[in-house]
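Chemist: Starting off with a structure, shown below.
Any read-out appearing in this document is the output of simple, stated calculations on the displayed coordinates, not a laboratory observation. What you are looking at is a predicted structure, and each value in this text was computed from that prediction instead of being measured. Cβ atoms come from the backbone with ideal geometry, glycine included; neighbour counts cover every protein chain shown.
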Amino acid sequence: MDKKDRKKHWEKIFEMKKPNEVSWYQEIPETSLTFLNSFNLPKTAKIIDIGGGDSFFVDNLIELGYQNITVLDISEKALEKARTRLGGKAEKITWITSDVTEFQPDTQYDFWHDRVTFHFLTDEDDIEKYITIMKSSLNSEGYLVIGTFSENGPKKCSGLEIKQYSEMSMSARLENYFKKLKCITVDHRTPFDTIQNFLFCSFKRLNLISI
């Protein structure tokens, strides 16, 4: 699927479905928040949520007092829904409509969060572009958390093929630029009362002179 079709696909999904009508719906993203808490970041930390769409991660970040939050998504409709839900609080957030593989950051972040975007990248060029953008977007000791379907999870989502990951394959992808901190598998119960097995891994940016 090329990038224009990818955008059309996600605009259609978010046009048709309410937040609790997609499988990844979570009102309180406990796993992501637990990882974030373990980093002991200041409330002024620069945080970016990749593929955040209309998820509730940003709501929770605001409630926790974080002051420098960016949400990126390929779908303008998804971001519009989130802005509407947050009302006046939306003015505190930086909203970016972009395919992550075309993202051109103008700042560096302390925390890169991605729940379910990375596994939609199945083309090797797109995966490499994502990793290149991610490593250039994080500061020298920044943290990242990536959540994907595990090898025991689904092979498709929202009508698209995905790429499953294990702790070993995820670590191998990132080991040149990031130090693995922790990987866990989590069973996510969808709004349709089905179970999806996820892999969540946290990493810290390697502070190397020549990367």
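Chemist: Once you list every other residue whose beta carbon is under 14 Å from the beta carbon of Lys92, what net charge do they have if Lys and Arg are +1 and Asp and Glu are -1? Provide the component values of the computation, followed by the final result.
Modeler: Numbers: positive: Lys43, Lys46, Arg83, Arg85, Lys89; negative: Asp49, Asp59, Glu63, Glu91.
Neighbourhood net charge equals +1.
Chemist: Ratio of alpha-carbon Rg to the 2.2 N^0.38 Å globular estimate for the chain, to two decimals, please.
Modeler: Normalised Cα radius of gyration, the chain: 0.95.
Chemist: Which FRET efficiency value, to the nearest 0.05, do you get for Thr190 and Asn40 by plugging their Cβ-Cβ distance into 1/(1 + (r/R0)^6) with R0 = 35 Å? Let's see the in-between values first.
Modeler: Working: r = 32 Å, r/R0 = 0.90.
Result of the calculation: an efficiency of 0.65.
Chemist: Further question: Expressed in nm to one decimal, what extension gain is obtained for the pair Leu33 and Asp123 from 0.36 nm per residue of sequence separation less their Cα-Cα distance?
Modeler: Extra length from Leu33 to Asp123 when fully extended: 29.5 nm.
Chemist: Below 8 Å between Cα atoms, with a sequence gap of 6+, how large is the relative contact order for segment 131-211 in percent?
Modeler: Normalised by residue count, the contact order of segment 131-211 is 40 percent.
Chemist: Just how far, in whole angstrom, is segment 27-56 from segment 75-112 if you go by their alpha carbon centroids?
Modeler: With segment 75-112 and segment 27-56 each reduced to a Cα centre, they are spaced 13 Å.
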